[in-house]
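FYI, it's all coordinate maths here, none of it is from the lab. A quick note: this is a predicted structure, and the numbers were derived from the prediction, not measured. Here the Cβ positions follow ideal geometry from the backbone for every residue, glycine too, while neighbour counts run over all protein chains shown.
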Amino acid sequence: MAQKTIELGTAPDGMDGDDARTAFQKTNDNFTELYQGVGGAQPESPKLSAIAASVWAANQLLIATGENTIGGLASGTAGRAVIAAETAAQGRSALALGVAATFDVTTSATDQTANRLLKKGDFGLGGVVPSEPDGTWLGTRFKQWAGSAPDRPPTAQIAVGFDSGYANNRRAQFAISLGDASAKAYFRGITATAETAGLWRGLVAEGDFGIGGYGALVLSTAINSLVTTGFYYCNSANSGENLPVASNGYLLVHAQGSLYTKQTFSHVTDGRTWERFLVNNVWQNWDPVLKGSNVTVSAGDIGVGRLLKNGDWGIGATNNAVTVADLNVVAGGGIRRVTPDTTNRPSGLNYGTVVDTMYEKSSENWAQMAMSMTEPRAWIRSRINNAAPAVSEIYTRFNAVGTVSFSGGNTGAIIERGSGVQGQWIRYADGTLECWGMGTFACPLSTDPVPATIAVPQPFNFVDNTFVGMAWAQPHITWTGFGGVLACAPGTTSYFSAAIRNTSSAQNVNIGWRAIGRWRNA
């Protein structure tokens, strides 16, 4: 019953208020309800008695412990602050509650109402992920794909993952396959609808295509159709079919598509490497790939099969770094530098260059040409079966004519041209000597027809007197012989004799002559 209030009426007399009977009736009704509320209108109310009997203390709350019993509960500062709070914010502050106390929780596992708090299992968090049609946008969540392609990843029978976005046609998805032990991971984007979603793209895991694990094993017979980027180990089959050599090895494939691919093959033991290209679906030939071990390590490196750098063995160098210590020691073909410290160099060669060529890569068989840098001279020699090499100088227009000499062999020019007061001469390197000249000689008076003998000196000595002389004389003397010369005869190594028809009186005779012989016996 609501409290009944006595109407007092208008002052000063209240004549328009409740009369006495009505006023006492309201009073009785109010007391009746009050007595009933405290345990009845008995001489003693059990509820009032309980209140009267309770012991009160500071900071203690009275609470009903039964129908007619009351107990005291000590209250702390926080409890009193909650009771004294006049607003909800003051009450949360008293309980040290954060802002989460002001939010509602979701009503279902897919409730997308903004600002609601998630429960365990909502959107797959902390519980079983729900399986939903991909076309249904239920907010960013963990989910399960159990449908057919293109909904689920291509190799998965079932997949779980993550779906994130801000609208049905603006989403990114990540999924892990549960259909096999590989647990492949995939991702894709959706920019229109689920039905026109982008293709699932697999993430490369450790070991896939040989990355972070062992290379996939392939046979050489199958590599022509291998156009998938990756690292592989190739077993040689059918005597190395499709390989540059018949050997196992490591295969690296870099594919741009089914028509354009690059393959690199490395020998399993020695590391030699080749590469080839698929161009418009046609495989090109294997080409070797050069490495540091394929190139010379020094200017005089004789490693077989190595490639030369600029300057190696003097090729392309502005300062040849390969200096020869002994011309009789040839380690490999090339161009080397000769200095005065070089032994077994030709006489006359102090500074120069030597070119070596080898036969069958043997130090016992080689040919050599040396060139002087101080004068235009060159020498050649060769060694066959380790025989001592003989040196021959190359003759040019600069040294073909000069001083002819011999010491166990030709040591000078091919032709020597000279002259003196007795005449001129030519000496040849083969030992031939040719002299000629002319002079005026006194023909003494003698009795006709006895000829006069004249000694004609030679400009150069012969090794013996075996030569032929031809002579003429002027003026012509009345005689049947040419020029009046009766005969020429060998003399000593330095002159010859000419018989001249005597004249009736003494006179000078001009004689021309030529003699041929040898300047050396050998």
*Convert each backbone phi in the range 396-402 into a coupling constant with the Karplus relation 6.51 cos²θ - 1.76 cosθ + 1.60 (shift: θ = phi - 60°), then list the ³J(HN,Hα) values in order as whole Hz, x for Gly and Pro.*
10, 5, 8, 10, 5, 10, x
*Sequence-distant or interchain residues sharing an amide H contact under 5 Å with residue 289, placed H: which?*
273, 274, 275
_Distance in nm between pseudo-label sites at residue 400 and residue 32 (7 Å out along the Cβ direction from Cα)_ = 16.4
*For the range 241-252, just list the computed ³J(HN,Hα) in residue order, Karplus coefficients 6.51, -1.76 and 1.60, θ = phi - 60°, integers in Hz, with x standing in for Gly and Pro.*
4, 6, 10, x, 9, 7, 7, 5, x, 9, 10, 10
*asked:* Are there any chymotrypsin sites (Phe, Trp or Tyr not before Pro) in the range 383-441 that are in a DSSP loop and have at most 14 other Cβ atoms within 10 Å? List them by number.
replied: 398
_Sequence-distant residues sharing a close amide H with residue 121 (under 5 Å, placed H)_ = 126, 127
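From Cα pairs below 8 angstrom and at least 6 apart in sequence, can you work out the relative contact order of the range 242-346, rounded to a whole percent?
14
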*Could you grab the relative contact order for the range 208-289? Cα pairs under 8 Å, six or more apart, rounded to a whole percent.*
20
*asked:* Please list the three semi-axes, largest first and in whole Å, of the ellipsoid equivalent to the range 208-289, using sqrt of 5 times the eigenvalues of its alpha carbon gyration tensor.
replied: 17, 16, 11
*If you take every DSSP beta bridge whose two residues both sit in the range 208-289, what share of them, in percent to the nearest 5, is antiparallel?*
85
*Over the range 45-114, consider all pairs of different Cα atoms and compute the Kirkwood hydrodynamic radius from their mean reciprocal separation; express it in Å, one decimal.*
15.4
*Would you mind checking which residues have amide H under 5 Å from residue 509's amide H? H placed 1.01 Å from N; only 5 or more apart, or other chain.*
441, 442, 443
*Förster-model FRET efficiency, 51 Å R0, residue 245 and residue 199, C-beta, rounded to 0.05*: 0.80
_Can you give me the Rg/Rh ratio for the range 258-310, using Cα atoms for both radii and the Kirkwood formula for Rh?_
1.14
*asked:* With θ taken as phi - 60° and the coefficients 6.51, -1.76 and 1.60, list the Karplus ³J(HN,Hα) couplings across the range 422-429 in order, rounded to whole Hz; mark glycine and proline as x.
replied: 7, x, 10, 8, 10, 9, 10, 5
*Over all alpha-carbon pairs of the range 290-394, lay out the pair-distance distribution in 10 Å bins, whole %, shortest bin first.*
15, 45, 31, 8, 1
_Efficiency of FRET from Cβ geometry, residue 77 and residue 111, R₀ 41 Å, rounded to 0.05_ = 0.60
